[in-house]
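Written below as C-alpha cells is the structure these notes are about.
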Amino acid sequence: MNRRALIICAIVLLISTVAVFAYERGDFLFLNEIETGMQGIGKTVVAGDVISEFEVEVLGIVNEPKTHADFIVVRVSGEAISRSGGISQGMSGSPIYIDGKLVGALSRAATWSKDLAPIGLVTPIEQMLDIIDSMHDHRLPSASLNNAMLTDIQLVGLEYSPASISPSELPNTIFSYPIVSPLLVTGLSGRALDVLMNGLEMEEKPKGLLSEFFGPLIVPKVQGLSSFGLRLNPMSGKKTKGTSESVVLEPGGAIGVALAQGDVTIGALGTITFREGNAIVGFGHPFLLNGEASFPLTTAHVYDTIKAYDASFKLGTIGETIGVIVEDRMSGIGGLAGEPTDMVDLSLAVEDLDSGFTKHFQIELVDEPRLMWELLLASGFEAIDSTLDRIGQGTVEVTYRIAGDGMLSPLTREDIFVSTRDLALYPPIELASIVSLLQYNAFENPEITSISCVIHVTQEIKAMRINHLEIDKQSYAPGEMIHYTVELQTYQSEKQVIEGEIQIPADLVADYVTVRAYGGPREVENGENPIEFSNLSELIEKIEGLPSYDTLTVELFAPNPFFLYVEGLQGVEDVETDLPGYVLYGEREVSALLSLLE
C-alpha cells in the first residue's frame, strides 16, 4: 500500500472512531423527531470572522425515494439573511439548531410559490454523521414523522436559481438549487481562467504531441471545473495569512477546500456543520463528489456577503492548510484537522529569449488525476501568457522533470515545438499528457511528488522543412549500405544538406525496402506490433527515448512477411541526426528493390 493510501486509511479510521464513540445522541435532533412549525436558529459567517445567527422555521420534510435525497424544508429570516440578500453561495454547511440540538446543514436554496420568504433545504445530520461513521451497524435512523411530511409536493432540482414564480404557478412544486461553494481563484486570468472553468476547445489539436503515440487514454475531453457543478466567485481576494494554532474550528465558521496553493490558488469556501475532536463535517452537499479524497482543509476569511440578482455570494479567501479532507460525499465533506495532505509540487519557469524576461511559478496541486489536466493546463497557460504578454507565433523549447515516490528514477524529457498561431498550446498539453500517462498507467501508482517544467520561448520561427530525400541506387542486396541525401529548407533562409548511410540487414528477406526521413517520433506502422510495456520503468524509458522534433531520423522499412492479409511495413534500422534548436517537419520517403541474387 502506498504512502498516501496509508495516511488516508489512518485518517478515516481515526475519524470513524471519534464519530462512533464520541458524539452523544442527545446533541442532535434527527429526522424522525422533526415536526412542522418547529423554530430554531442557523449559524454562518456573513462578514469578517464573526459567526452570525439567523432564524429558522420548519415547513416540513421532503421524503424522496433515496435516503440521501431527504431534506428538511425551512423558512429563513433575520438580519444575517437580509444583509446577505437571501441564502448566498458559501452558506452551505451552515448548522441548523432547534432547541439547541443540531438538525443538519443548510445545503440548498429553494423557490416555492406558496412562500415568498427565503426558503432553504437542510441536509439531515444523520446523513452527515454517516460520512464519519463507517461502521454499518451503527447507522443512525433516517425516517421522518408522518405529520411532518409535505404530501403531494414535488421537489425539482435545478442547476441555478430559477426565474420568479407566480403564486398560481406550480403550487405543489419546490424548485431547489445548490448553495454552491464558490470557487475562489487567484493568480489566473484571461484564457487560463477560462480553461480552468470551461475546459479546452480547439478547432484542431496541435500535431506532434505524445498523445498521438500512446492512444486515447491520455487525451480526455477537458471540460473544466464547471463540469463538477462549481461556479467561479466573481471576485476573490488575496490568500490570508495566519497560523493553524490561532484557528478555532466551530460550527458556523468558514472553512476552505484547496485544489492549488501558491502563486496560483484555487479553492472553495463553505461552512462547518459539526465538529467532534479534530473531526469535522461541512457543506451539506458534495464538493466534487470524489468519494475518498485527499484535499487540503484550509482556513477561510469572509470579507463580506455580496447581494446579486442571480445568486448572492460570500466574498472571501482561503488561507493556510490546517488539515485534510478525506471524504467527499453526497451529504457533505468530512475531514480531520491537524493531519498532513500529500500535494504535488509544480515548478514552472518561462524565459522570453527575445526580451530576457523570466518568470517563475511555484504551485502545490492536489494529487487527483481527474483534475490534473485542468490544473496543469491553466497553470501552464498563465505562466507562458503572463511572461510573453502576447499570444502568437514562435518556437518553444521545454524540459520536463517528473519525480515520484513510486518511480525508480525521475522522468526527464526535452522537446521543441513551433507554431505560427499559438506556441503556448504545446508545453501545457504535452506536460498534461505525460503526467496523465503516468497516473493512469496499468502497472503501479507513480505517487508523483514534483513536476518541473522549464520553458524557453522566442518569436522567431526556427523550423526546417524536409524538402527532398534521395538514395544512391534503385536496387540493393541484403547487407549492402544505402547512401542517402536529405535536403532541408530552413524557414525563410538557406538550405542545408545532410548526408549519411544506413545498412540493410544481411538476413533481411523482402522484395523491396523503403527509406523514410522524418522529424520527431512516429506512429506505429501497420506491420508492427503495438507498443508494449511490462512495468512502469519501461514506460518511462520509452517516453524519455522518443525523439524530439529537432531530431532528423532516416529509417529503413521493409514489408513484414508474417503480417497476414494486408501488406504492412516494419522498421528495421534507423539513423538519427540532431539539429538543435530547429523543428523538423514534413516527411519524405523513397523505395528501392531488394535483390536476393549476388
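Computed from the coordinates by the stated procedures, all read-outs in this text should not be read as laboratory data. Not measured: the values here are computed from a predicted model. Note that we place each Cβ from the backbone using ideal geometry, even for glycine, and neighbour counts take in every protein chain shown.
Using the Kirkwood formula over every pair of different C-alpha atoms, what hydrodynamic radius in Å results for the range 463-594?
15.9
Give the residue from Ser493, His468, Val509 lying farthest towards the positive end of the charge dipole for the range 463-594; charges sit on Cβ (+1 for Lys and Arg, -1 for Asp and Glu) and the dipole is referred to the Cα centre.
Of the options given, the answer is Ser493.
Suppose R0 equals 51 Å. What FRET efficiency, 1/(1 + (r/R0)^6) with r the Cβ-Cβ distance, do Thr399 and Asp49 give to the nearest 0.05?
E(calc), rounded to 0.05, equals 0.70.
Treating only the Cβ of Lys, Arg, Asp and Glu as charged (+1, +1, -1, -1), what charge dipole size does the range 463-522 show about its Cα centre? Round to the nearest 20 debye.
300
Strictly greater than 23 Å: what percent of every Cα pair in the range 363-457 meets that?
I get 25 percent for the Cα pairs in the range 363-457 exceeding 23 Å.
In debye to the nearest 20, how big a dipole does the range 463-594 give about its Cα centre with +1 on each Lys and Arg Cβ and -1 on each Asp and Glu Cβ?
Magnitude of the dipole: close to 340 debye.
Determine the alpha carbon to alpha carbon distance for each of Lys101/Lys314; Lys43/Lys359; Lys101/Lys307; Lys462/Lys542 and list only those over 32 Å.
Pairs exceeding the cut-off: Lys43/Lys359.
What is the fewest-to-most order of Lys473, Lys307 by other Cβ atoms lying within 10 Å of their Cβ?
Exposure proxy ranking, most exposed first: Lys473, Lys307.
About the Cα centre of the range 320-424, what is the dipole size in debye to 20, counting +1 per Lys and Arg Cβ and -1 per Asp and Glu Cβ, all else neutral?
Dipole about the Cα centre, nearest 20: 240 debye.
Restricting attention to the range 539-598, which chymotrypsin sites (Phe, Trp or Tyr not before Pro) occupy a DSSP loop and are surrounded by at most 10 other Cβ atoms within 10 Å?
Here the sparse-neighbourhood loop sites are Phe562, Tyr565.
Using a ≥ b ≥ c from the Cα gyration tensor of the range 253-379 (square roots of the eigenvalues), is it rounded, prolate or oblate, where a/c under 1.5 gives rounded and otherwise the larger of a/b and b/c decides, a/b for prolate?
Prolate, since a/c reaches 1.5 and a/b exceeds b/c.
Based on alpha-carbon centroids, what's the gap between the range 385-437 and the range 475-490 in Å, whole number please?
Using only Cα atoms, the two centres lie 34 Å from each other.
Return the sequence-ordered ³J(HN,Hα) values of the range 422-438 in whole Hz as given by the Karplus equation 6.51 cos²θ - 1.76 cosθ + 1.60 applied to θ = phi - 60°, using x for Gly and Pro.
Along the range 422-438, the couplings run 7, 5, 5, 5, 6, x, x, 5, 4, 4, 4, 4, 5, 4, 5, 4, 5 Hz.
Contact order normalised by length for the range 463-594, with contacts defined as Cα pairs under 8 Å and 6 or more residues apart; what percent is it?
Relative contact order for the range 463-594 comes out at 33 percent.
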